[in-house]
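> What follows is a single structure, and I will ask about it in a moment.
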Amino acid sequence: MPQVAVFPGDGVGPEITRAAAELLQHVRPDLRLIEATVGGAALERGLPALPDDARALSDASDAILFGSVGLPAYDSKPLAERPEYALFLLRRDYELYANIRPVCVFPGLENASSLKPDLVRGLDLVVVRELTGGIYFGKPKEQRIEDGVEMAVDTMIYRAPEIERIARTAFELARGRRKRLTSVDKQNILETSRLWRRVVTALAPDYPDVALDHLLVDNAAMQLVKRPGDFDVIVTENMFGDILSDEAAILTGSIGTLPSASLGTKGTPGKQFGLYEPIAGTAPDIAGKGIANPTASILSAALLLRYSLDDEANAKRIESAVERAYAEGARTAELGGALSTNAFANAVIARL
Ligand code: IPM
Ligand code: MG
């Protein structure tokens, strides 16, 4: 029986993840869904951010449906004592190097964007973010005192094979879409970016059907709000991807609608082990109120079916039901509607 580890986490994570898990169970009654505590919720119980039972559960599962992690109370703690460490460990230890973040504007939501509706109508792009390298993981990474002065260092480091594998993921994805790939770097300043650009460029002959171009990250940030419709697939390193994917997400009017898939080396094509999570954070301001938009979690469940359970049919079914719900006016609070988290999820279930 296929098994999914459900890690709700903190903030709005539990509300939206449980709503999505219920929907997933409805679509696939054969799945075994098992929940475990991670992140701040675990720290609050005196456990590490990723307790042993959670890790054992994900080891034994086909995929992880993840909520969100982070609690303001831990803001001044070092990474290893923060809720986010759970995510850091899962990404690192399962080598989930390919973070796929599709950004779509649902028909009917064009007016929710802070950009002019004409700029975002029909928007459909994907950010492919490298997730296990770069400045997030490079060593040294520490704070220390040198000659009596407090200092801190993070290290941005990339090896050519890490760049090649994420670039291949992006080229393949572009091939199945509009065949345009934009690689984003900062090659005028960073050595890692010069290597990045060289490796990506050298792969282009393997994908003659894909049009490749390069943008510097500052320019990419600008072009994303200027002409978002021109983008198809964007591939970039870890931190640039973190920043650009939030920017791309808000083009849609609500960051609460964007899912993501993090895939790695475990499993076989179509049945890859993966972690699926909203790209938005814990939204502490609305946590516990039952009003958070569950769309990102629901669409993450669809990606889980597509990439980890080889179930394209049900993935599409969920995505179409979400699209219909929006087209027919279903809205949560941040989009000016009155539906609660569960009411929105039910509106999607009703349209499956
Ligand atoms: C994301 C988040 C994480 C990241 C945080 C929670 C560590 O912002 O997935 O985009 O920076 O990768
Ligand atoms: Mg982020």
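The values are calculated or read from the model by the stated rules, or taken from the named source; none is laboratory data. If you're wondering where the values come from, they're calculated on a predicted model, not measured in any experiment. Here the Cβ positions follow ideal geometry from the backbone for every residue, glycine too, while neighbour counts run over all protein chains shown. Quick note on the areas: whole protein, heavy atoms, side chains included, nothing else; ligands and nucleic acids left out. Shrake-Rupley method; radii C 1.70, N 1.55, O 1.52, S 1.80 Å.
> Just to be sure I understand: of the beta bridges DSSP finds with both ends in the chain, what percent are antiparallel, rounded to 5?
Expressed as a percentage, antiparallel bridges in the chain total about 45.
> All other residues with a Cβ under 15 Å from the Cβ of Ala42 taken together, and with Lys, Arg as +1 and Asp, Glu as -1, what is their net charge? Don't skip to the answer; put the middle values down first.
Numbers: positive: Arg45, Arg55, Lys77, Arg82; negative: Asp10, Glu35, Glu44, Asp52, Asp53, Glu81, Glu84.
Charge balance in the 15 Å sphere: -3.
> Let me have the 222 nm mean residue ellipticity of the chain computed from DSSP H runs of 4+ only, each contributing -39500 (n - 2.57), with the sum over all residues rounded to the nearest 500.
About -11000 deg cm²/dmol.
> If R0 is 41 Å, what FRET efficiency do you get for Val225 and Ala204 from their C-beta distance, rounded to 0.05?
Numbers: r = 27 Å, r/R0 = 0.66.
Calculated value: 0.90.
> Accessible surface of His26 in the full protein assembly, 1.4 angstrom probe, to the nearest 10 Å²?
The accessible area comes out at roughly 100 Å².
> What number does the chain give for Rg over Rh if you use C-alpha atoms and the Kirkwood radius? Could the numbers behind the result be given before it?
Details: Rg = 19.7 Å, Rh = 20.6 Å.
Checking Rg against Rh, the ratio lands at 0.96.
> What's the local net charge at Pro140, with K and R +1, D and E -1, over the other residues with C-beta under 13 Å away?
Charge balance near Pro140 sits at 0.
> Can you sort Arg227, Arg197, Arg178 by solvent-accessible area, 1.4 Å probe, largest first? Walk me through the numbers before you get to the answer.
On the way: Arg227 75, Arg197 50, Arg178 115 Å².
In descending accessible area the options line up as Arg178, Arg227, Arg197.
> How do Asp285, Asp154 rank by accessible surface area computed with a 1.4 Å probe, from largest to smallest?
If we order Asp285, Asp154 from most to least accessible, we get Asp285, Asp154.
> Would you list, by chain and number, the lysines whose Cα falls below 18 Å from the Cα of Lys271, excluding same-chain residues fewer than 8 positions away?
Once the sequence-local lysines are set aside, what remains near Lys271 is Lys316.
> Can you pull the Rg over Rh of segment 256-311, Cα-only, Kirkwood?
1.09
> State to the nearest 20 debye the size of the charge dipole of segment 124-250 about its Cα centre, where the only charges are +1 on K and R beta carbons and -1 on D and E beta carbons.
That gives segment 124-250 a dipole magnitude of about 520 debye.
> So, one more: What are the residues whose amide H is under 5 Å from the amide H of Ile291, where those residues sit 5 or more places off or on another chain and H is modelled from the backbone?
Residues meeting the criterion, in which the H sits 1.01 Å from N, are Thr341.
> Turning to a different aspect of this structure: Might you work out the accessible area of Leu31 for me, using a 1.4 Å probe with all protein chains in place, and round it to the nearest 10 Å²?
Counting only protein heavy atoms, Leu31 exposes about 10 Å² to solvent.
> Looking at the square roots a ≥ b ≥ c of the eigenvalues of the Cα gyration tensor of segment 124-250, which shape do they give, rounded for a/c under 1.5, prolate if a/b is larger than b/c, or oblate?
Details: a/c = 2.49, a/b = 1.72, b/c = 1.45.
Note, shape of segment 124-250 comes out prolate.
> At 4 °C and 1.567 mPa s, grab the translational diffusion coefficient of segment 289-352 from Stokes-Einstein with a Kirkwood Rh over Cα pairs, rounded to a whole number in µm² per second.
Translational diffusion coefficient: 110 µm²/s.
> Can I ask one more? Considering only the other residues whose Cβ falls under 12 Å of the Cβ of Leu57, what net charge follows from Lys and Arg at +1 and Asp and Glu at -1?
For residues surrounding Leu57, the net value is -3.
> Then there's this: Which value, in Å² rounded to 10, gives the accessible area of Phe137 with a 1.4 Å probe and all protein chains present?
40 Å²
> What FRET efficiency, computed as 1/(1 + (r/R0)^6) with R0 = 35 Å and r the Cβ-Cβ distance, is obtained for Met1 and Glu172, rounded to the nearest 0.05? Could the numbers behind the result be given before it?
Details: r = 30 Å, r/R0 = 0.86.
So, using R0 = 35 Å, E works out to roughly 0.70.
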